[in-house]
Amino acid sequence: DAGVTQSPTHLIKTRGQHVTLRCSPISGHKSVSWYQQVLGQGPQFIFQYYEKEERGRGNFPDRFSARQFPNYSSELNVNALLLGDSALYLCASSVGQGSYEQYFGPGTRLTVT
Amino acid sequence: QKEVEQNSGPLSVPEGAIASLNCTYSDRGSQSFFWYRQYSGKSPELIMFIYSNGDKEDGRFTAQLNKASQYVSLLIRDSQPSDSATYLCAVRYSGAGSYQLTFGKGTKLSVIP
């Protein structure tokens, strides 16, 4: 079975630009969560989506938005990029909203110059 | 503010020894606790979770939870060089319909052959 997939793998953007990151969950999983991991830190929660609805939002500015599609894949959008947005963006999927097992994708490494 | 504290390490243990990783958390409402392993340049992978006081064993790994002391630990028996990685402690507080994970910064473990 395929695991969580994310695209692109790496991305370089300039300050002020916007970016869209994509995630496909494991087949049968209906919940997707997004995390930001800055080098040397643990992942920080951004959003959780379940059944196409936002079920949780972390302490991130409104420049960050996300959505989940009918096939349960998800997009994370970041507008007006700042240097501080440079990080590894992780997507995690689980069967349900409260499932204990949450599986992370390989991540998208975003560099903002 | 929910906080999860871990000693950043590095923690060095000889091959075959027991590695002990510790984590404290601030929010008494926290309900479930997770240990993830993250190899350099890779995404986190779930080792195990625990939600009841006491010990939970899975192979060479034992998670220990003490809610009164707000303390959770991970023991790795018969440590192997392949266990060298960063270990992330995560806490989940299920409030307001959100199941977000709050991570510590991680403890870097080095198993010396």
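The values are calculated or read from the model by the stated rules, or taken from the named source; none is laboratory data. Remember, predicted model here, so these are calculated numbers, not experimental data. For neighbour counting, all protein chains shown are included, and Cβ atoms are generated from backbone atoms with ideal geometry for every residue, glycine included. Remember, those area values only see protein heavy atoms, side chains included, never the ligands or the DNA or RNA. Shrake-Rupley method; radii C 1.70, N 1.55, O 1.52, S 1.80 Å.
Note on A:K30: lysines with a C-alpha under 22 Å away, same-chain residues under 8 apart excluded, are A:K52. Remark: relative contact order (chain B) = 37 percent; criterion is Cα-Cα distance under 8 angstrom and separation of 6 or more residues. Short-range pairs are left out: with C-alpha atoms under 8 Å and at least six residues apart, the relative contact order of segment A:12-113 is 36 percent.
Here the simple spin-label model places points 7 Å from the Cα toward Cβ, and for B:Q31 and B:Q80 these points are separated by 3.6 nm. Straight-line reach from B:K105: taking Cα to Cα under 22 Å and skipping same-chain neighbours fewer than 8 places apart, the lysines in range are B:K2, B:K42, B:K67. Label positions at A:L82 and A:E51, each projected 7 Å from the Cα along the C-beta direction, are separated by 3.6 nm. In segment A:52-85, burial by the other protein chains removes 40 Å² or more of 1.4 Å probe accessible surface, compared with the chain on its own, from no residue at all.
Working out 0.36 nm times the residue gap between A:F69 and A:H10, then minus their Cα-Cα distance, what length gain in nm do you get to one decimal? Could the numbers behind the result be given before it?
On the way: separation 59, 0.36 × 59 = 21.24 nm, distance 2.28 nm.
Gain in length upon complete extension: 19.0 nm.
Applying a DSSP loop filter and a limit of 14 other Cβ atoms within 10 Å to the trypsin sites (Lys or Arg not before Pro) in segment A:1-91 leaves A:R15, A:K52, A:R63.
Treating r as the C-beta distance of A:F60 and A:L39 and R0 as 22 Å, the FRET efficiency rounds to 0.80.
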